Amino acid sequence: MMASSYNAKEEDGHHSGASNNGGAGVVKSKKPDNTAFKQQRLPAWQPILTAGTVLPAFFVIGLIFIPIGIGLYVTSNNIKEYEIDYTGADINDACYNCAKNFSWNSTTPCLCSVPFTLEQPFESNVFMYYGLSNFYQNHRRYVKSRDDSQLNGDRSALKNPSKECEPYRTSEGKPIAPCGAIANSLFNDTLELYHIDSNGTRNAIPLVKKGIAWWTDKHVKFRNPGGNSNLTVAFQDTSKPVNWRKPVFDLDPSDPENNGFINEDFIVWMRTAALPTFRKLYRIIQKKPSTTPTLPSGKYVLEITYNYPVRSFDGRKRMILSTISWMGGKNPFLGIAYITVGSICFFLGVVLLIIHHKYDTRNNSADIPS
Amino acid sequence: TVCHICTGEENWVDSRTIYIGHKEPPSGTEAFIQQRFPDNRIVSSKYTFWNFVPKNMFEQFRRVANFYFLIIFLVQLIIDTPTSPITSGLPLFFVITVTAIKQGYEDWLRHKADNSVNQCPIHVVQHGKVVRKQSRKLRVGDVVFMKENETFPCDLILLSSSRDDGTCFVTTASLDGESSHKTYYAVQDTKAYNTEKEVDSIHATIECEQPQPDLYKFVGRINVYMDNEPVARPLGSENLLLRGATLKNTEYIYAVAIYTGMETKMALNYQSKTQKRSAVEKSMNAYLVVYLCILISKALINTVLKYAWQADPNRDEPWYNDRTEPERQRHIVVRAFTDFLAFMVLFNYIIPVSMYVTVEMQKFLGSYFIMWDDEMFDEEMGERAVVNTSDLNEELGQVEYVFTDKTGTLTENNMEFIECCVDGHVYVPDVICNGQVMPGATTMDMIDTSPGPGAREHEELFFRALCLCHTVQVKEEETVDGIKHGIHQGKSTSFYISSSPDEVALVEGMKRLGFTYLRLKDSHMEILNREDEIERFQLLEVLTFDSVRRRMSVIVRSSTGELYLFCKGADSAIFPRVVSGKVEQIKARVEHNAVEDLRFISLLVIDRNPVYYNQHACPFWSNYSAGFKGIINTSQPVQEEAELNTSLCFPDPSPHDRLQEKAADTIESLHKAGMKVWVLTGDKMETAAATCYASKLFRRNTQILELTTKRTEEQSLHDVLFDLSRTVLRQHGGMTRDSFSGLSGDCTDYGLIIDGATLSAVMRPAQEDSNSGNYKEIFLEICRNCSAVLCCRMAPLQKAQIVKLIKASKEHPITLAIGDGANDVSMILEAHVGIGIMGKEGRQAVRNSDYAIPKFKHLKKMLLVHGHYYYIRISELVQYFFYKNVCFIFPQFLYQFFCGFSQQPLYDTAYLTLYNISFTSLPILLYSLIEQHIHMDILRRDPSLYRDIAKNSLLRWPIFIYWTVLGVYDAIVMFFGVYFLFDNTTFTSNGQMFGNWTFGTLVFTVLVFTVTFKLALDTHYWTWINHFVIWGSLIFFVVFSLLWGGIIWPFLNYQRMYYVFMQMLSSGPAWLSIILLITASLLPDVLKKVICRTLWPTTTERIQVGACSYMLSRIFFRIASVIEL
């Protein structure tokens, strides 16, 4: 303030004078540069949204969107999907007893089987999902309850998991691997599918468990500590999650490459779902080389090893069989949305055309006298 | 009459007593209690090294926005919140640090300046010797010895100078920019003491008022004890040397310090300047409050719903999602409060810290376009527009009332002596032949064309009077000794300097009429008369011009011993004092000339014999200035003075003032733009009215309403006011507002003329008797319906009062004051926007203004182009910022309904942090710097476009609500679009599933694109910069997302985003839904734009289409001509 601020101002003046035009008179240095930018006269494109310019755009959008929408809708309708709720909530359900008598401590697995009929054959690859409802995998406390360093094979994190894993961090004085609520609540029902042919014999349908998780998750994000060589040693001095029946290095007895943190079922589970009703990829039923459909129409039985309780929180468990197109599973939304938006655009185009014709002439005539 | 107002303003502050040289007054005099005064240390710096951090932090966090973000940050640190503290801490830290560095640097500069000022050596007389002291150790009462070209360290009373007449010359260039030398006078009784020994022997006390910020006002009294007998002398501003001024043309002076350090007038002046805030800023703050309410209610709703939902323990704590033990034990109230805070944190991005930064940057950078403007550069002066504050750029587009000064603003203030009239004879200097004055032949008011011998005597006395009654200084060329006295040889090696150009014009005019003023030497004024003889007049008293008396007087003694009192001033100040002479003829001439746009200075010559002076005048004179306590109200001496006179003749010199270039055009444009232009001037009515006609403020068909003393003498003020309001309202009662908004040619225009005296009567607070009523309201009502108002005879303070009155009227219009002189400063400071003209009357107006322009004509571009652009730009900036944050945060709010109200953020931390900082910040910043919705030539050509943005029209509540609703709509489309896409199905071709982070990323991608495209749709001016920034920031978003998800980041403790973006892009439906959702989001806005433009186009929009089709037709024409060839 005061004298000093005057000084400062004068200094400023000198600076600008000096920088603009070294040595020249003050008068000359004050003249602004005549550049297009400084005079705000940069060459520019000046588009204006008028009915005239927008009209074609509306029609074009309408003409493009409606066919896309129809295509999407048809594609979605051609996808075959079959869904079974095997929660056992109702007394008539096959799994009612398993659901009712569920106990964390029981050592004998509870088995139940649900028969069902496919009216239509499922062509090409069929994807088998399990679905859960009312399961808040996106709850904040749940989402953050994991240790990505541990899952990435970090040895120090293995022994000393992140605080975020509480209260699933240690058990019996040993660090839990994998720690956290997500890992602890790993979906552990076993689903098996049998085709009952015309003779009444049960043929097990081969379920492929490779390729259900993202490639990058399986190969980069999730890693076993110390490589895949000897998992039992690697997971020494760690404890299994409290709700698990078997330790992490023993998840898949059939395939040693599918054990530890890189177990694909585990990886799929660890990708927390966005909404409380969700499905996760369980198995893939590969297309047969012959012309016969992957799942011919007929009778089937779903064999369930019922380990996963959902009744306490009013949850639901489902098994879904679905074919997949280029646009994924059955979802009419996108097609309908495209058709709707396209029609609206087209309709608005027509409305605008009328308005344009009616009022533009009026405006022009009104402009003339002024 | 004018003094009615002044008396009210005069607050008598407590007085202070100063002992010169710290010598106690002799006993027996009134016992004064010695007051304590501060030392002369100037502290303009705010901080010291130690308190910088805490004090600066405190200052910064006093801003509501910063404090809010600090609270959010602290909450994030303390409780377990959904987002990491970095998301709000980083931007806040950045903003605070940058501001702190800037302020620290500025303060460091101030410290340096303070030190150099405080430590600069000054010379003080102590015990008869001159001692060097540091400036800061100077105390009140010290006698200071100053040499030529030194700057005064504090406010001083001049005791004596090296000049025999006890005067010194001072330039106040660093104070108010006036480089002319001003004369200051030593106290008469001490002016002889001009060695340090003698000065040390002065025994005197000074009584004066406590420091006041008014630079031009000072009253005090010095008691000089001669042989223990006190002699009291008055002190006025002519004795007071202000801190910051520089001693010139005087070898040395002795002076006594009376105000030191922070109490100097200069220091006081700088503290009182307040910051102005623009209307846009006010609406922005209102919106902020709305958003704060939205934020709190969102958090509240979610908290309540959370606990309602969680009432079932299986939802609260299902087996798969246990709480930790300490959390479980926390009290429910604490938990609920923590949850509330966590929701606040989650949604806090709705009020972005970056908005403040962007707005500040926009204002700061944007103001450069004003300074850079080539068209606002004046070749003649070599000056360009100056921006003193960038806070008000957009206010330039909102002006409704323009208050302009006349002299120097509308007119050139280039005075030229045109003619004078003595006893009814008109003299024109151009018609001089061989020193013979020829009476002008063109006048019709002349009674007799050949002045008799008596007339000649009068005439010569009059010319002498003009030569003597002024405060002009003669500036001599100091370079060559040989021509030092060039003026004696009639060479123009010397020139006149004065604070008022009228005086110079008059003295120069006299030179052409044969009487040359030479100089003031030893209190004798020397004149070279027609016979080339030097006449000497002893200057006895000078009563300088002030705006209250509106005249100046001198008393001189001629060589023959005759005493003369010459009085010069505005004719309204002079005529009432005239006792004899041909008053009527002169009045007629004055009125005749007024129409020709001349300015009058009338002169009163009073002849007194010495006896009378000694007996009456002298005591009166000393009375007048001596009793500083009693007679601050100047009306009293004025009356006495009037009684003294028996006048001789009443001449009337009229300097002519030319209208500034393009002033009329500018005023016309302002009118068309819907602004009301008021001219506030100190001039007389006729002159001012003539200028108004010349500048097209009044047109031929304008009906002039007069509210002047003349009319109020006939009728009571009450009746006049009601009469006028009836006239005005009858006219406008029948018309709708719309028809009035048309061009002003269609209907009767009203112009109001009011003078200072009547105004003060109107402004006087309502008396208790109901009859007087509240005139202000009626007056305002009249003014509202007049397109032009002329206020003449205004005192500077009245100018500010008028501005204040209009500002406070019920529509709260935005006012702009423009002026060039010190008398306009008060109104410049009062108005919403103050503009200074770099005129001839010093730089005070420029210093105090918000913007300064070289010429009045530049106002047109300033308002119609720059103001319009800035307003459009900043309103879009503000609305867009709120819009894009609604779009940003509302999906998070919706997501809470699907994640058990657990405060799960929808987007990743990086997206939350960078959304406002980098993904969407640059396009809007650049838009707000270079958008031009209409070409600037069209804006200038068609001022009526300015009406489209009047009354803050782009920031009204309906528009704000439209933007907010649009934001909510977009958010709903984005969120539910993605929701239904994700709904319990897959949309990859390999059957794999996506998680919650893909959900958020998809919403976010649509969001960034939608919000950027929305801005692209609003952009009317696509330069390469816009293309670069808009497409660039979208590309940046994509590249950033690819990178962010492409690597396992070792420093992060989570890898949730790993490959999420890429996996999303590998899915066809994701692409399709992005396109669909962007289209659906933008559709309503496009539709609204097109329909509004077609059905209810604003003028602006019509012009845009016109300009567009014009361009198109030109292109077609060119193509056609090419084809023909």
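The values are calculated or read from the model by the stated rules, or taken from the named source; none is laboratory data. Remember, it's a predicted structure, so these values are computed and weren't measured experimentally. Because the Cβ atoms are built from the backbone with ideal geometry, glycine has one as well, and the counts that use them run over all protein chains shown. To get the accessible areas, we keep the full protein, side chains included, count just its heavy atoms, and leave off ligands, DNA and RNA. Shrake-Rupley method; radii C 1.70, N 1.55, O 1.52, S 1.80 Å.
Residue count for the stretch B:1033-1043 satisfying the condition of being open to solvent by 40 Å² or more (accessible area, probe 1.4 Å) and either over 53 Å from the mean Cα position of the chain (by Cα) or closer than 23 Å to residue A:48 by Cα (or both): 0. Residues that are open to solvent by 10 Å² or more (accessible area, probe 1.4 Å), touching a Leu at 6+ places or on another chain (Cβ under 7 Å), in contact (Cβ under 8 Å) with a residue 24 or more places away in the chain and within 14 Å of chain A (Cβ to nearest Cβ) do occur in the stretch B:360-368.
Would it be correct to say that residue A:194 is within 11 Å of chain B (Cβ to nearest Cβ) and touching a residue at least 24 places away in the same chain (Cβ under 8 Å)? The answer is no for residue A:194. Does residue B:108 satisfy the condition of being within 14 Å of chain A (Cβ to nearest Cβ) and either open to solvent by 90 Å² or more (accessible area, probe 1.4 Å) or of a type in the set (A, V, I, L, M) (or both)? Yes: the conditions hold for residue B:108.
When we screen B:278, B:283 for residues that are under 30 Å from residue B:844 (Cβ atoms) and either open to solvent by 50 Å² or more (accessible area, probe 1.4 Å) or touching a helix residue (DSSP H, G or I) at 6+ places or on another chain (Cβ under 8 Å) (or both), the only hit is B:278. Taking residue A:315 as the residue in question, decide whether it is crowded, with 21+ Cβ neighbours inside 10 Å, modelled with pLDDT under 90 and closer than 21 Å to residue B:993 by Cβ. Spelling it out, it is not the case that residue A:315 is crowded, with 21+ Cβ neighbours inside 10 Å, modelled with pLDDT under 90 and closer than 21 Å to residue B:993 by Cβ.
Would you confirm whether or not the stretch B:1044-1053 contains a residue that is crowded, with 21+ Cβ neighbours inside 10 Å, within 7 Å of another protein chain (Cβ to nearest Cβ) and not charged (D, E, K, R)? Within the stretch B:1044-1053 (the criterion being crowded, with 21+ Cβ neighbours inside 10 Å, within 7 Å of another protein chain (Cβ to nearest Cβ) and not charged (D, E, K, R)), the answer is no, since none of the residues qualifies. For first residues located in the stretch A:55-66 and closer than 18 Å to residue A:336 by Cα, partners that are open to solvent by 20 Å² or more (accessible area, probe 1.4 Å) and polar (S, T, N, Q) and lie 6+ apart or on another chain with Cβ distances below 9 Å form the pairs A:61/B:1079; A:62/A:343; A:65/A:340; A:65/A:343; A:65/B:1079; A:66/A:343. How about the stretch A:299-330: which of its residues are in contact with a helix residue (DSSP H, G or I) (Cβ under 6 Å, 6 or more places away or on another chain) and of a type in the set (S, T, N, Q)? Matches in the stretch A:299-330: A:312, A:325. Just one of the listed residues (B:818, B:828, B:853, B:835) is among the β-branched types (Val, Ile, Thr), touching a residue at least 24 places away in the same chain (Cβ under 8 Å), closer than 27 Å to residue B:778 by Cα and buried (at least 22 other Cβ atoms within 10 Å of the Cβ), namely B:818. Taking the stretch A:142-151 as the search range and keeping residues that are of a type outside the set (A, V, I, L, M) and facing another protein chain (nearest Cβ under 7 Å), which one is most open to solvent (accessible area, probe 1.4 Å)? Ranking the qualifying residues of the stretch A:142-151, first place goes to A:149. Residue B:1020 meets each of the listed conditions (1) assigned to a helix (DSSP H, G or I); (2) in contact (Cβ under 8 Å) with a residue 24 or more places away in the chain; (3) farther than 24 Å from residue B:911 by Cβ apart from (1).
Every listed requirement among (1) closer than 25 Å to residue B:361 by Cβ; (2) crowded, with 24+ Cβ neighbours inside 10 Å is met by residue B:861 save one, (2). From the list A:265, A:255, which one is more than 12 Å from every other protein chain (Cβ to nearest Cβ) and more than 26 Å from the chain's Cα centre (by Cα)? Of the residues listed, the single one that is more than 12 Å from every other protein chain (Cβ to nearest Cβ) and more than 26 Å from the chain's Cα centre (by Cα) is A:255.
In the set B:140, B:125, which member is of a type in the set (A, V, I, L, M, F, W, C), within 24 Å of residue B:220 (Cβ to Cβ) and either in a strand (DSSP E or B) or in contact with a helix residue (DSSP H, G or I) (Cβ under 8 Å, 6 or more places away or on another chain) (or both)? The conditions single out B:125.
Taking the criterion of being closer than 21 Å to residue A:244 by Cα, more than 13 Å from chain B (Cβ to nearest Cβ) and of a type in the set (S, T, N, Q), the residues of the stretch A:101-141 that qualify are A:101, A:105, A:106, A:107, A:108. Picking from residues in the stretch B:464-484 that are of a type in the set (S, T, N, Q) and at pLDDT 50 or above, the one that is most open to solvent (accessible area, probe 1.4 Å) is B:471.
This table checks each residue for (1) more than 14 Å from chain A (Cβ to nearest Cβ); (2) among the acidic types (Asp, Glu); (3) farther than 26 Å from residue B:42 by Cβ.
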| site | (1), (2), (3) |
| --- | --- |
| B:204 | yes, no, yes |
| B:228 | yes, no, yes |
| B:233 | yes, no, yes |
| B:240 | yes, no, no |
| B:252 | yes, no, no |
| B:267 | no, no, no |
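When B:799, B:861, B:855 are screened for being within 19 Å of residue B:377 (Cβ to Cβ) and in contact with a strand residue (DSSP E or B) (Cβ under 7 Å, 6 or more places away or on another chain), only B:855 passes. Among the criteria (1) within 13 Å of chain A (Cβ to nearest Cβ); (2) surrounded by fewer than 20 Cβ atoms within 10 Å (Cβ to Cβ), the one residue B:1002 does not fulfil is (2).
Of the residues making up the stretch A:220-252, just one is within 14 Å of chain B (Cβ to nearest Cβ), of a type in the set (Lys, Arg) and not in a helix (DSSP H, G or I), namely A:223. The listed residues are B:1007, B:981, and the only one of them that is in a helix (DSSP H, G or I), under 52 Å from the mean Cα position of the chain (by Cα) and not small (Gly, Ala, Ser) turns out to be B:1007. Test residue B:152 against the stated conditions and say whether it is closer than 21 Å to residue B:37 by Cα, open to solvent by less than 30 Å² (accessible area, probe 1.4 Å) and among the aromatic types (Phe, Trp, Tyr). When the stated conditions are applied, residue B:152 passes them.
Scanning the stretch B:1066-1082 for residues that are more than 7 Å from chain A (Cβ to nearest Cβ) and closer than 29 Å to residue B:1019 by Cα gives B:1070, B:1071, B:1074, B:1075, B:1077, B:1078, B:1081, B:1082. Would you say residue A:73 is open to solvent by 60 Å² or more (accessible area, probe 1.4 Å), within 13 Å of another protein chain (Cβ to nearest Cβ) and at pLDDT 90 or above? Taking the combined requirement at face value, the residue satisfies it. Inspection of the stretch B:170-181 identifies no residue that is surrounded by 23 or more Cβ atoms within 10 Å (Cβ to Cβ), over 27 Å from residue B:119 (Cα atoms) and small (Gly, Ala, Ser). Would you confirm whether any residue within the stretch B:1023-1032 is assigned to a helix (DSSP H, G or I), open to solvent by less than 10 Å² (accessible area, probe 1.4 Å) and more than 13 Å from chain A (Cβ to nearest Cβ)? Among the residues of the stretch B:1023-1032, not one is assigned to a helix (DSSP H, G or I), open to solvent by less than 10 Å² (accessible area, probe 1.4 Å) and more than 13 Å from chain A (Cβ to nearest Cβ), which makes the answer no.
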